[in-house]
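First comes the structure, then the notes that go with it.
The values are calculated or read from the model by the stated rules, or taken from the named source; none is laboratory data. Quick caveat, the model's predicted, so the values are computed rather than measured. Glycine gets a Cβ as well: all are built from the backbone with ideal geometry, and neighbour counts include every protein chain shown. Remember, those area values only see protein heavy atoms, side chains included, never the ligands or the DNA or RNA. Shrake-Rupley method; radii C 1.70, N 1.55, O 1.52, S 1.80 Å.
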Amino acid sequence: GEPVSTATDVFALGRLLCLLLTGQREPTPTPALHGELALIVAKSLKPQPEARYVGASALADDVRRHLAHRPILARPDSLAYRSARFARRYRLQLAALGLVVASLLVGVAATAWQWRQATLEAERTRRVQSVLTELLAGLSPDASGSATVPMIELLRRSWAEAKQRLAGDPELLAEVARPLGLLLNQSGDMGLAAEALQLAHDRLQGRGEAGRDVAFELANARRRLGQTDAARTLLTGLVPAAAPQDDPVAISALAHLGEIAMDAGRLDEARGLLERAEHGARER
């Protein structure tokens, strides 16, 4: 409820940076966000406006300092204090993370193949994080020559820059396309969202929940673009033959398929699909 100021822009950019780095819709601690980048995001999202960066250029400068391996300005007051506060606030998440790490260590110790897979995944995450950080730093308002740049425009420029920069590395481009496509989808640019998500979908098919989430978001973009047949094909592929249980993606896909059938006047088909979705939701 306070007046909008430069600190408001810093907060918005900090949240965007967190979403780009973690691929999540809410800023939560993840293994993909740690060290200096976590400090930069934390300073941008300080509850007190005066504790944040003085402007977007200062935030971009700290990102560039991190990329150049120079000391950053967002240093903690006390490492012990910050660590203790983080542990108290996220004790459940840290406990869950500990279980994940323990499972990963056991799996790595089991076979050399699993170790290799974990190494490749970590490297892929690091490369995606690095590219997204560079894109955000390079498209700050100061770098763009404008005092203020809408968030949707930053996303559009980031996607254009990613396509140009990663044209020779389609695998990495697909990984970068996933978070950018989700953000473009949420921001309302369905055309670019569909383009990015289609590229990610082509590469992520068969990769578990990540591939299914991308397929669902792509179907949503196709449907909003009026491409109903393409949306229906994607949604149908997300629904198992048996009744979905504890599968929110399949339940949502059934609901969307029911809406598509209802819009087309196929009421009996719509009723059957929506009843399956309702049954699956009740089972959860």
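What is the local net charge at residue 263, summed over the other residues whose Cβ is closer than 15 Å to its Cβ (Lys, Arg +1; Asp, Glu -1)? Walk me through the numbers before you get to the answer.
Working: positive: 222, 223, 224, 232, 266, 271; negative: 229, 259, 268, 269.
The answer is +2.
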Legend entry - Net length gained if the chain between residue 161 and residue 34 were fully extended (0.36 nm per residue, minus Cα distance): 43.2 nm
Inset, instruction - Express the accessible area of segment 235-284 per residue in Å², computed with a 1.4 Å probe while the remaining protein chains stay in the model. - result: 58 Å²
Inset, instruction - Any chance you could list P(r) for segment 163-284, counting all Cα-Cα pairs in 5 angstrom bins from zero, rounded to whole %? - result: 2, 13, 20, 20, 19, 13, 8, 3, 2, 1
Inset, instruction - Compute the distance in nm between two label points, each set 7 Å from the Cα along the Cα-to-Cβ direction, one at residue 209 and one at residue 169. - result: 2.7 nm
Inset, instruction - For segment 241-284, calculate the relative contact order in percent as a whole number, restricting contacts to Cα pairs under 8 Å that are 6 or more residues apart. - result: 52 percent
Inset, instruction - Between residue 2 and residue 264, with labels modelled 7 Å along Cα→Cβ, what's the label distance in nm to one decimal, could you check? - result: 5.3 nm
